[in-house]
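Structure record follows, encoded as structure tokens.
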Amino acid sequence: MAQSDLMAGLLKHGFVIIDLNQPAIISEIQHLVKKNLDLQKFSDRTLDFDTYAMTVKSAVDEIAKSELVKKLLETKKELITSLCGPDVDYQGYPHLRISRPDAKTDTSGWHRDTFYGNSPYEVNWWFPVFDLPQGSGLRFLPGSHRMPAKNVRPAVVPEDVAQQRKVERGSVANQIGFLYAPQTEDLIVEMKPDEDTLLAPKVGQAIVFFASTLHAGATGTNTNSPRVSIDIRVRNCYAPTNTKPGFYVPLFRGLVSECANQFLGI
Ligand SMILES: O=C(O)CCC(=O)C(=O)O
Ligand SMILES: [Fe+2]
């Protein structure tokens, strides 16, 4: 896709699918995931939520250490800097999501990342590690990145999900990307069934979207395979964020920042 079409799609819908063109890096990520996780265990329902979270975290630790996601983003410098400017930070500790089929606990419901400490200046990257099971991916409300969030309020978590999934602030589950205080808003409550769209990128592609775009995880149906995906965020290093200190680490610095940092000794 030409860069101009990509930008036009992002502007209009708030999301776009891009080709990563990095099969070697993706295959290294696949290898790391397989080495650290027995995916078979995620096909049945034997894992309780806490064991599940600990197991996933051990794999995320390895992926973070490998800096493979950083390597991937470095190959997209032109796109990222045209979106965010020359000075870019990225989320150093990625989210690896292993969403078991039909498990209501494993995906997030409808949200904007701006509900949870991210600002509308942040840009998300979401990509499958393995082929997505039928029906799985990420759902979006097109255009929602330009519709203000009204009446943001705590969401009611269904009793069965709340029973199985207890997420405390700072807990292992929270560290791997689960939300501890789900929120909702008018647009979500008023959404009609045919208004949203399911994106299911191929391995080797990624969805790029804004922290302000409404989205929700979708696991497959009629499958035994988990949905395995990674998501991370980038932002201009001077853009606002309410994420924890250390959440963002440097990716690119432009000439002015490079010199200023040397001058300031930082
Ligand atoms: O993959 C999911 O289920 C949710 C992903 C998400 O919310 C995100 O990437 O911001
Ligand atoms: Fe999200």
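The values are calculated or read from the model by the stated rules, or taken from the named source; none is laboratory data. This is a predicted model, so every value here is computed, not measured. In this analysis, Cβ positions are derived from the backbone assuming ideal geometry, glycine residues included, and neighbour counts consider all displayed protein chains.
Among the residues of the stretch 155-165, the one identified as closer than 19 Å to residue 47 by Cα, charged (D, E, K, R) and surrounded by fewer than 17 Cβ atoms within 10 Å (Cβ to Cβ) is 160. Consider the stretch 197-208 and keep the residues that are under 14 Å from residue 14 (Cβ atoms) and more than 13 Å from the chain's Cα centre (by Cα). The one that is nearest to ligand 2 (Cβ to nearest atom) is 199. Restricted to the stretch 90-117, and to residues there that are part of a loop (DSSP other than H, G, I, E, B) and within 12 Å of the chain's Cα centre (by Cα), the residue that is nearest to ligand 2 (Cβ to nearest atom) is 108. Among the numbered conditions (1) within 16 Å of ligand 1 (Cβ to nearest atom); (2) touching a Gly at 6+ places or on another chain (Cβ under 7 Å); (3) more than 22 Å from residue 242 (Cα to Cα), the only one that residue 108 does not meet is (3). Within the set 133, 142, the sole residue that is surrounded by fewer than 18 Cβ atoms within 10 Å (Cβ to Cβ), farther than 14 Å from residue 181 by Cα and more than 14 Å from ligand 2 (Cβ to nearest atom) turns out to be 142.
Away from ligand 2 (no atom under 14 Å from the Cβ) and either crowded, with 17+ Cβ neighbours inside 10 Å or closer than 23 Å to residue 39 by Cα (or both): is that true of residue 235 in this structure? Criteria met by residue 235. Total residues in the stretch 8-35 satisfying the condition of being touching a residue at least 12 places away in the same chain (Cβ under 8 Å) and farther than 19 Å from residue 131 by Cβ: the figure is 6. Applying the criterion of being under 30 Å from residue 186 (Cβ atoms) and among the small types (Gly, Ala, Ser) to the residues of the stretch 73-105, the residue that is nearest to ligand 1 (Cβ to nearest atom) is 99. Applying the criterion of at least 1 residues that are closer than 22 Å to residue 134 by Cβ, in contact with a Leu (Cβ under 6 Å, 6 or more places away or on another chain) and touching a residue at least 40 places away in the same chain (Cβ under 8 Å) to the strands (runs of 3 or more DSSP E) found wholly in the stretch 184-266 leaves 197-199, 205-210, 215-218, 227-236. For the stretch 209-224, filtering for residues that are touching a Lys or Arg at 6+ places or on another chain (Cβ under 9 Å) and more than 11 Å from ligand 2 (Cβ to nearest atom) leaves 3.
Here's the yes/no breakdown for (1) over 20 Å from the mean Cα position of the chain (by Cα); (2) modelled with pLDDT of 95 or more; (3) crowded, with 16+ Cβ neighbours inside 10 Å:
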{"position": "122", "(1), (2), (3)": "no, yes, yes"}
{"position": "126", "(1), (2), (3)": "no, yes, yes"}
{"position": "138", "(1), (2), (3)": "no, yes, yes"}
{"position": "153", "(1), (2), (3)": "yes, yes, no"}
{"position": "167", "(1), (2), (3)": "no, no, yes"}
{"position": "174", "(1), (2), (3)": "no, no, no"}
{"position": "182", "(1), (2), (3)": "no, no, yes"}
{"position": "186", "(1), (2), (3)": "yes, yes, no"}
{"position": "189", "(1), (2), (3)": "yes, yes, no"}
